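Step one of this worksheet: look at the structure below.
The values are calculated or read from the model by the stated rules, or taken from the named source; none is laboratory data. A quick note: this is a predicted structure, and the numbers were derived from the prediction, not measured. Positions of Cβ are generated from backbone atoms using ideal geometry, with glycine treated the same way; all protein chains shown enter the neighbour counts. Areas reflect the complete protein model, heavy atoms only, side chains present, ligands, DNA and RNA absent. Shrake-Rupley method; radii C 1.70, N 1.55, O 1.52, S 1.80 Å.
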Amino acid sequence: MILAGFAIGAQRGFFYIRAEYPLAIKRIEKAIEQAYERGLLGNNILGSGFSFDLEIRLGAGAFVCGEETALIESIEGKRGTPRSRPPFPADKGLWNHPTIINNVETLATVAQIIYRGGEWLAAIGTEKSKGTKVFAITGKVKNSGLVEIPMGMTIGEVVFGIAGGVLGGRKLMAVQTGGPSGGVIPLKLIDTKISYEHLAEVGSIMGSGGLIVMDEDDCMVDIPRFYLRFCVEESCGKCAPCRIGGFQMLQILDRIAEGKGVESDLKQMQRIAQGMQKASLCALGQTAPNPVLSTMKYFPEEYRQHVEDKKCRAGKCTKMVQYTIDQTHCKKCKLCVVNCPVGAISGSREAGYVVDQVKCIKCGTCYEVCKFKAIVRK
Ligand SMILES: Cc1cc2nc3c(=O)[nH]c(=O)nc-3n(C[C@H](O)[C@H](O)[C@H](O)COP(=O)(O)O)c2cc1C
């Protein structure tokens, strides 16, 4: 940041960190303190005539405050909502001064470029995406955690190589990149390169560098519903396309997941999504439809099943699911009875066991623990 400040002639810099990340705050506080002690911050740094100060501003945990203009508003002490552009922050940003906003990861690369030269960085990556990218791999994967990869590595190389493949040897269904507003990428596109341009081509984004792995047990209607709900809850409400569009899309998706969807719902969601992408004030609303649009594109059969057959293959859309016991397969081992968290299964060895549909919370525990495939999911 000091180098970036020097390059653009700035005298002040801010770290904007969520208050919920105390470890990050502690470390940055220490780093700033050490930099002042060593004369790398403050007046006339190392006798260069350049002065630069750094401080921390804490965010109260709103997702939208990561959006650059909302972040500026928040630092200025106002409610964190995005500004319309132009003017762009580089012209008029924090307190109307020219401002650049970068991820810590980007700024961390600056020192390496100075040490090793621009050619070194440009030699790593794809034509348009240079250098490396840090990814947080989570979901149904053997080795989850943070990895730094050269841009251009394929999703498959990351999932099956670095992350050791899908948990429990199950089949990969899809991966989602870019955080809550990234797209869902199916198995058939596993050779997609991880770069800004290649991810955009398949309807996703690099975003914050999240990579969530999904297997056959995941439902391609329930997953986007989860992400859309997050974006709807985090919408600041300033612009109508995001505030109303997101809510309307979620209502439709909820209906579909409850088995009350109709065919026209899918077209309607697409229309609303287009409006959000075109007219939202910031990238939160512009990208919020991504998980829905990508799953509709790559998993149309799942949507068709939910809408027409009123069925959820993965059993995640619980309103459509019913668990019963097939008495011909049941060995009366009672594993389902003891594992049911709400005591919904009762009966006797003689009479057989049954699931009380009123008590059942559709968690699927009985289905998972039964060794004899006696639990039927419909
Ligand atoms: C809703 C939303 C949330 C965001 N959250 C973050 C965040 O937590 N951290 C971050 O570095 N950038 C976040 N961004 C992106 C920043 O606004 C900005 O584009 C980015 O930090 C630019 O840095 P870069 O060009 O160095 O990648 C977010 C963007 C949006 C739209």
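Numbers below:
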quantity	calculated
Selection count, the stretch 86-138, where residues are touching a strand residue (DSSP E or B) at 6+ places or on another chain (Cβ under 6 Å) and among the aromatic types (Phe, Trp, Tyr)	1
Residues that are open to solvent by less than 80 Å² (accessible area, probe 1.4 Å) and of a type in the set (D, E, K, R), drawn from the stretch 322-367	ASP326, LYS332, ASP356, LYS362
Residues that are of a type in the set (A, V, I, L, M, F, W, C) and away from the ligand (no atom under 16 Å from the Cβ), drawn from the stretch 70-96	TRP95
The stretch 253-304 - residue that is more than 16 Å from the ligand (Cβ to nearest atom) and of a type in the set (S, T, N, Q) and, of those, farthest from GLY207 (Cα to Cα)	SER264
From GLU20, GLU67, GLU29, residue being within 13 Å of the ligand (Cβ to nearest atom) and either surrounded by 14 or more Cβ atoms within 10 Å (Cβ to Cβ) or assigned by TED's automatic domain parsing to the domain that holds CYS231 (or both)	GLU67
Filter pass, THR99 being within 14 Å of the ligand (Cβ to nearest atom), modelled with pLDDT of 95 or more and either open to solvent by 60 Å² or more (accessible area, probe 1.4 Å) or closer than 19 Å to PHE14 by Cα (or both)	yes
